[in-house]
Amino acid sequence: MTKPISAAAASSIEAAISRLIGSGDVQATFTIARLASEAGLSRATLYRAPELLERFRIAIASHQREVKSPPSPTDRVHQLEAEIAALRGRETEELRALRSSNRNMAQHIQALSLLVRQQQQRIARLQAEPSESGRVATLVARAAAPVR
């Protein structure tokens with residue numbers, strides 16, 4: 001049976017794990033030897049604390065998931081090409097919607113133009129009717145005559 005490590009050694013290992021993982025070094029390689037060096041202990045001492053080593057391995061895995069390496073240039077190119085294709089598709093849909101809207105507005109303008117023309121013709125016809133019938137006197141001409 002192996003001799004358990006002291007509380008001071010366990011505390012030293014825990015502090016070393018925190019320092020290594022919290023260093024923010026993205027390119028760091030986390031090994032048992034590096035942990036032992038950071039804790040100021042031998043690797044043999046670390047191997048006598050399997051629960052702390054397991055915690056160290058879990059912390060490394062978690063850290064590596066959080067700090068993913070940047071994608072390779074070819075992966076980045078493929079990613080950007082996919083993004084461009086998606087944007088072009090969206091642009092095509094927007095252009096299609098705008099063209100449809102323009103056609104719809106042009107039809108409305110045509111219909112309104114016809115209505116305006118019909119109203120102008122009706123107004124002209126109504127203005128011409130009273131003067132042709134002779135029964136309606138124009139007020140402008142009577143107002144100009146002197147009153148006796």
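The values are calculated or read from the model by the stated rules, or taken from the named source; none is laboratory data. Computed from a predicted model, the values in this text were never measured in an experiment. Please note that ligands, DNA and RNA were not included when accessible areas were found on the heavy atoms of the full protein model with its side chains. Shrake-Rupley method; radii C 1.70, N 1.55, O 1.52, S 1.80 Å.
Ranking THR45, THR74 by solvent-accessible area of protein heavy atoms (1.4 Å probe, all protein chains present), from largest to smallest, gives THR74, THR45. Each residue of the stretch 97-113 is assigned a 3J(HN,Hα), and the resulting list reads 5, 5, 4, 4, 4, 4, 4, 4, 5, 4, 5, 5, 4, 4, 4, 5, 5 Hz, derived from the Karplus form 6.51 cos²θ - 1.76 cosθ + 1.60 (θ = phi - 60°), x at Gly and Pro.
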